[in-house]
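The values are calculated or read from the model by the stated rules, or taken from the named source; none is laboratory data. What you see is a predicted model; the values in this text were computed from it and never measured. Using ideal geometry, Cβ is built from the backbone for each residue, glycine included, and neighbour counts are taken over all protein chains shown.
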């Protein structure tokens with residue numbers, strides 16, 4: 001036997017602890033399986049919980065895949081401040097693709113892939129374009145008419161560069177003969 | 001301005017929505033940053049929330065890295081039943097190693113081995129570090145510069161501790177007084 | 001027999017070790033145990049100190065009174081049995097066996113009467129270590145008794161619509177990071193002989209992009225307008241090289257209606273579409 005208080009606590013805890021929404025059947029077959037309870041009784045508990053949380057910061061809602069607690073909708077704008085910069089870093093693949101486009105522009109995805117030896121994901125190309133660093137400046141007149149990518153003015157502005165030519169100056173030359181060529185540079 | 005009700009809802013929602021425990025400072029600098037609030041007022045709200053949830057299935061607790069909601073301790077067995085796969089089991093060797101690091105930190109692998117009388121497997125050290133319970137905090141200035149290990153806030157959070165000082169004190173061994181008894185023994 | 005039984009009862013009240021976090025109360029009392037049980041037991045002991053402590057407890061002995069002879073004998077029997085059964089035995093067990101054997105032999109050796117006063121108990125070091133270890137074992141036990149996440153409690157979370165409202169700040173990238181990426185790419189290109197790209201080409205290639213972009217805005221542009229005199233001689237040279245390169249790569253077409261008339265530049269695509 002389980003008291004009403006315990007039953008409510010258990011259902012409440014189970015929904016809060018679950019990583020996904022929980023259905024009534026999952027509750028009955030999971031945390032409540034050791035007690036002989038029927039659906040109407042658990043349904044009633046869920047109704048009570050919904051009522052308990054009506055005026056609170058989180059609320060019990062029923063979505064397509066079950067019950068879950070979620071923050072009050074009207075608190076959304078204030079809660080946004082909790083995650084100021086939850087931004088992942090860009091991958092080496094993305095930066096190399098960007099560097100290659102800057103260096104070899106205008107260039108196609110196929111040409112980038114030929115040099116990097118691996119395929120360039122659509123996601124990377126989309127990210128670079130969404131960021132406004134790369135854009136399509138034309139199409140190469142070969143079968144398939146692949147897009148020609150180039151860097152943008154925003155790209156130069158972001159990295160405080162006058163021109164793409166300013167970029168490799170920061171790279172330490174690994175071979176002495178490349179250094180000599182620098183002087184002839186346009 | 002923010003009403004008491006709104007403030008409580010916001011703090012409550014923020015703690016529930018956060019993936020990690022939230023400190024008072026994080027609340028003030030994050031969700032509450034647009035309101036001019038002082039620590040005592042927010043502290044009071046946290047106290048009220050703790051009171052509100054005292055008899056509920058989840059409770060507001062303060063752990064090493066801040067405030068979080070967690071399920072009532074006495075519901076553990078029923079909830080474990082729902083997600084048996086979520087409950088990890090730790091070997092005696094792992095717990096001994098962890099206990100030693102917690103009590104003697106910062107400490108080296110060699111020191112742990114000297115006390116346990118057995119070599120510490122790389123697997124155990126890796127598990128402890130992957131779980132985020134233990135980290136390298138420096139190197140001991142002795143030959144070989146062995147890594148010095150210490151426990152983390154995540155370790156304290158996992159074991160519901162606010163600080164290492166909350167760990168139960170260990171009884172120091174009494175000085176061996178064997179001299180006189182020798183003769184009877186052999 | 002009855003005292004043995006009492007002992008066994010007492011044993012069961014103390015958890016003597018943990019197997020994957022579970023306290024182990026029962027351990028076989030005699031040594032003649034099936035291999036599977038021994039293997040399980042070996043897993044239950046966290047090391048030789050744990051086994052030694054178990055043997056001492058089983059004898060209802062005080063650590064301070066370490067009965068070295070019977071303990072050594074029993075320990076050796078365990079170790080021998082483990083070896084006979086070819087269980088994977090950690091070297092640490094053998095190190096402990098050697099230590100016990102050494103203590104035993106020192107205790108058995110007759111002591112010269114003069115040295116008796118100064119010579120420390122050969123067991124002292126082992127006793128000290130056993131005591132220190134016992135404290136750690138107790139610590140592990142207490143740690144295991146702490147409320148544990150995912151065993152005694154679960155973090156409670158609520159979903160939020162705030163994530164959708166959040167404007168994701170794109171990750172910052174430094175020029176240094178980009179330069180490093182470029183350096184890696186240059187290494188790749190160097191490795192591929194057929195890509196003979198010189199650094200001089202850089203600003204030319206950038207200009208090629210700019211010209212292509214310009215041409216995407218108008219179907220055709222006056223050749224002269226592609227140059228910006230304010231850039232000086234160097235800039236004009238870059239633009240000229242870029243136009244030549246674009247032409248060579250077949251990306252643009254340069255047309256002239258008649259000799260000495262205006263040169264028009266258009267993208268190859270437009271040129272094709274317009275049938276030029």
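Confirm whether residue A:19 is within 27 Å of residue A:161 (Cα to Cα) and either without any contact (Cβ under 8 Å) to a residue 60 or more places away in the chain or in a loop (DSSP other than H, G, I, E, B) (or both).
Criteria not met by residue A:19.
Out of everything in the range B:82-106 that is over 23 Å from residue C:44 (Cβ atoms) and touching a strand residue (DSSP E or B) at 6+ places or on another chain (Cβ under 6 Å), what residue ends up being modelled with the lowest pLDDT?
B:105
Can you say whether residue C:101 is at pLDDT 80 or above, more than 10 Å from chain B (Cβ to nearest Cβ) and assigned to a helix (DSSP H, G or I), as far as the supplied structure shows?
Yes.
Considering the range B:30-39 alone, what residues qualify as being under 26 Å from the mean Cα position of the chain (by Cα) and either surrounded by 13 or more Cβ atoms within 10 Å (Cβ to Cβ) or at pLDDT 95 or above (or both)?
If the condition is that a residue be under 26 Å from the mean Cα position of the chain (by Cα) and either surrounded by 13 or more Cβ atoms within 10 Å (Cβ to Cβ) or at pLDDT 95 or above (or both), then B:30, B:31 are the ones that fit.
Conditions (1) in the same structural domain as residue C:266 (by TED's automatic domain parsing); (2) surrounded by fewer than 18 Cβ atoms within 10 Å (Cβ to Cβ); (3) in contact with a strand residue (DSSP E or B) (Cβ under 6 Å, 6 or more places away or on another chain), marked per residue:
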residue: C:203; (1), (2), (3): yes, no, no
residue: C:215; (1), (2), (3): yes, no, yes
residue: C:227; (1), (2), (3): yes, yes, no
residue: C:232; (1), (2), (3): yes, yes, no
residue: C:235; (1), (2), (3): yes, yes, no
residue: C:244; (1), (2), (3): yes, yes, no
residue: C:252; (1), (2), (3): yes, no, yes
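Given the range A:26-138, what helices (runs of 4 or more DSSP H) lie entirely inside it while holding 1 or more residues that are within 14 Å of chain B (Cβ to nearest Cβ)?
Passing ranges, in order: A:39-52, A:76-79.
What number of residues within the range C:124-143 are touching a strand residue (DSSP E or B) at 6+ places or on another chain (Cβ under 9 Å) and within 7 Å of chain B (Cβ to nearest Cβ)?
2
Any residue at all in the range C:88-97 that's touching a strand residue (DSSP E or B) at 6+ places or on another chain (Cβ under 9 Å), modelled with pLDDT under 85 and part of a helix (DSSP H, G or I)?
No.
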